[in-house]
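Sending over a structure as structure tokens; questions will come in a sec.
The values are calculated or read from the model by the stated rules, or taken from the named source; none is laboratory data. Note that the coordinates shown come from a computational prediction; the quantities given were computed from them, not determined experimentally. Reconstructed Cβ throughout: ideal geometry from the backbone, glycine too, with neighbour counts over all protein chains shown.
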Amino acid sequence: MADPAVMGSASLNAGTRTGGTKATTSPAENYYLARRRTLQVVVSSLLTECGFESSEKAAVETLTEMMQSYITEVGRCAKANCEHTARSTPTLSDVVITLVEMGFNVDTLPVYAKRSQRMVITAPPVTNAPVTPKALVAGQKRTHPAYIPSHFPEFPDPHTYIKTPTFREPVSDYQVVREKAASQRRDVERALTRFMAKTGETQSLFKDDLTAFPLIAARPSSIPYLSALLPSELELQMLEETDSSEQDEQTDTENNSNIIHDDAGADKENTVLPPGGVVPTVKTNDDNMIDNPYLRPVKKPKVRRKK
């Protein structure tokens, strides 16, 4: 008869070879894999006790799944019976009641445990259970008062029912703000340079390797003196601000002149005409002329007719 440990390891290796080549590196996966390996060894030993010399992989996997489902169901029902009686830890009586409810004859357990052809299995390697990540710790955890039994569940973490600010105060230090702005500007310039180097024409410092240290190719202008004649962005901005301020001043002066003319018209109605009966004309003031050529009224050019 084959060794049950050898049968279990052989079936596990076969399942690993056929199941896939991806290695399980997670602690939780290693923990469940070790439990599955132990169940396969137990199933192999039971098959050996029954007189089997070999078994197929599908049969071992099916029996292992059935045993795992049976043990899981026993544990779930025992936990439910325990909680039904206001306890948190299952006892032997809970397991016996569960086996009876599942239709198992409990009286045959001592006889089966003392069988003569029983095979002894070596203890499985100790595998640490997967560590549950710690929750957010905030405040001091409360303990049970005197009137609450100790086997009752503990209070939840304080962060579930207290205010836990998670925001940070904005940095207002001048040096830190300037350093951050400079670093952001440097990152943006570097990103734009790389983008232009990848999408446009480039020049290399080395003739052998064109991809090493690419530089943005300089594009000569057809009219090199044009940039010196055109105003810069700063000058255009200042010009726009000056035009807007002059326009506002012109609007104010026009409004004031209209008010003065209205007052003068009202005074004229109340005044007495001179003996001649002619109203003196008012000369236009040259100071009210608009100096800005962009704000002057449009003058249509004179069209000369051909004779």
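For residues in the range 65-98 being in contact (Cβ under 8 Å) with a residue 12 or more places away in the chain and either more than 30 Å from I148 (Cβ to Cβ) or touching a strand residue (DSSP E or B) at 6+ places or on another chain (Cβ under 6 Å) (or both), which is surrounded by the fewest Cβ atoms within 10 Å (Cβ to Cβ)?
Result: E73.
While we're here: Of everything in the range 42-64, what is out of contact with any Ser or Thr (no Cβ under 8 Å at 6 or more places or on another chain) and crowded, with 17+ Cβ neighbours inside 10 Å? Give them in sequence order.
The initial filter retains those residues of the range 42-64 that are out of contact with any Ser or Thr (no Cβ under 8 Å at 6 or more places or on another chain), namely 42, 45-46, 48-54, 56, 58-59, 62-64.
Hits for the range 42-64 are V42, S45, T48, L63, T64.
Give just the number: which of (1) surrounded by 10 or more Cβ atoms within 10 Å (Cβ to Cβ); (2) among the β-branched types (V, I, T); (3) modelled with pLDDT of 80 or more does I216 not satisfy?
In the conditions (1) surrounded by 10 or more Cβ atoms within 10 Å (Cβ to Cβ); (2) among the β-branched types (V, I, T); (3) modelled with pLDDT of 80 or more, I216 misses (3) alone.
From D291, D263, D267, grab the single residue that is modelled with pLDDT under 75, exposed (fewer than 10 other Cβ atoms within 10 Å of the Cβ) and not in a loop (DSSP other than H, G, I, E, B). Explain how you work it out, then say what you get.
On the way: D291 fails: not in a loop (DSSP other than H, G, I, E, B); D263 fails: exposed (fewer than 10 other Cβ atoms within 10 Å of the Cβ).
Sole residue among the options that is modelled with pLDDT under 75, exposed (fewer than 10 other Cβ atoms within 10 Å of the Cβ) and not in a loop (DSSP other than H, G, I, E, B): D267.
Quick check: anything in the range 134-149 in a loop (DSSP other than H, G, I, E, B), of a type outside the set (D, E, K, R) and closer than 29 Å to V41 by Cα? Give the steps one after another, and end with the answer.
Just the residues of the range 134-149 that are in a loop (DSSP other than H, G, I, E, B), to begin with: 134-149.
Among the residues that remain, those that are also of a type outside the set (D, E, K, R) are: 135-140, 143-149.
With closer than 29 Å to V41 by Cα added as a condition, the list becomes none.
No.
Provide a single number: the residues in the range 234-248 that are at pLDDT below 75, exposed (fewer than 11 other Cβ atoms within 10 Å of the Cβ) and either touching a Ser or Thr at 6+ places or on another chain (Cβ under 9 Å) or charged (D, E, K, R) (or both).
Within the range 234-248, residues that are at pLDDT below 75, exposed (fewer than 11 other Cβ atoms within 10 Å of the Cβ) and either touching a Ser or Thr at 6+ places or on another chain (Cβ under 9 Å) or charged (D, E, K, R) (or both) number 1.
Any residue at all in the range 76-84 that's part of a helix (DSSP H, G or I), modelled with pLDDT of 80 or more and closer than 20 Å to L39 by Cα? Outline the logic, then answer.
Residues of the range 76-84 that are part of a helix (DSSP H, G or I), as a first pass: 76-84.
Filter once more, keeping what is modelled with pLDDT of 80 or more: 76-84.
Filter once more, keeping what is closer than 20 Å to L39 by Cα: 76.
Checking the range 76-84: at least one residue is part of a helix (DSSP H, G or I), modelled with pLDDT of 80 or more and closer than 20 Å to L39 by Cα.
Conditions: (1) in contact (Cβ under 8 Å) with a residue 40 or more places away in the chain; (2) assigned to a loop (DSSP other than H, G, I, E, B). I223 meets all but one. Number of the miss?
So the condition that I223 fails would be (1).
Restricting to the range 150-206, name every residue that is assigned to a helix (DSSP H, G or I) and acidic (D, E). Quick ask: steps written out before the conclusion?
Going residue by residue through the range 150-206, those that are assigned to a helix (DSSP H, G or I) are 158-160, 174-199.
Hits for the range 150-206 are E179, D187, E189.
In the range 93-133, what residues are modelled with pLDDT under 90, assigned to a helix (DSSP H, G or I) and touching a helix residue (DSSP H, G or I) at 6+ places or on another chain (Cβ under 9 Å)?
Of everything in the range 93-133, those that are modelled with pLDDT under 90, assigned to a helix (DSSP H, G or I) and touching a helix residue (DSSP H, G or I) at 6+ places or on another chain (Cβ under 9 Å) turn out to be V106, L109.
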